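Structure, as structure tokens:
Each reported figure results from applying straightforward, stated rules to the coordinates on display, with no laboratory input. Only a predicted model underlies this, so the values are computations on that prediction, with no experimental measurement involved. Positions of Cβ are backbone-derived with ideal geometry, glycine not excepted, and every protein chain shown enters the neighbour counts.
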Amino acid sequence: MAEDRQMPNVMLRNLLEAIAEVLGENGLKAVLNAAGLQRFIDNYPPNNMDRNVTFAEYGAAEQAVEDVVGPKGAKMMLTRIGRATFRYALEEQPAVLGLAGVALKALPMNTRMKIVLASLAKAATKDVNQPTDIEEHDDHFLFVVSECPCRWRGKKDKPVCFVTVGVLHGALHWATGKNFKIEEINCIAMGDDACRYRIDKEPLED
Ligand SMILES: [Zn+2]
């Protein structure tokens, strides 16, 4: 495992913006201190695709949210942070996501889901240094991520990638106006070969 696997600046930037939104500016400061990422206090990475930050740093920020919030609230907070992360990414790098100007309104829900998941997978693979595939099954999709910041968070006995769960919630809600059941069923942090997210095709009741 490359200790210094790189990702684009804007990825960590969007995560830190989302943490500030959900936990407040002081919450973000506590997270950055806990993560050993003091160099980003009042100093977000720039809004560009240069690869000057690492998977390890992204994972450290996620882990620090868990440590600061505590085990009880962490899952919900990280999922909220993931939803906000998608919103910032869409605002700041719409071209990267491939969703700028995509007309989804007239399309069936299943097609909209497929388009948005395929766009995210393509952007992750091509631009984020994070190889990702989607699989379609009868009643669900699988979003399969083969490299993830969670690899740098130490060994876990439960899935930990709730930021990604939140990003998927945000993206699918943006594309369809609906909420879906999304569960991480495999996680690299548990020793699995990939982080796999199962997404029900049938939306949840509002
Ligand atoms: Zn994972």
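See the values below:
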{"item": "The range 94-121 - residue that is under 24 Å from Tyr58 (Cα atoms) and touching a strand residue (DSSP E or B) at 6+ places or on another chain (Cβ under 8 Å) and, of those, surrounded by the fewest Cβ atoms within 10 Å (Cβ to Cβ)", "result": "Ala118"}
{"item": "From Ala124, Ala175, residue being in contact (Cβ under 8 Å) with a residue 60 or more places away in the chain, buried (at least 19 other Cβ atoms within 10 Å of the Cβ), at negative phi and not β-branched (Val, Ile, Thr)", "result": "Ala175"}
{"item": "Search result, residues across the range 21-52 that are in a helix (DSSP H, G or I), under 17 Å from the mean Cα position of the chain (by Cα) and surrounded by fewer than 19 Cβ atoms within 10 Å (Cβ to Cβ)", "result": "Glu21"}
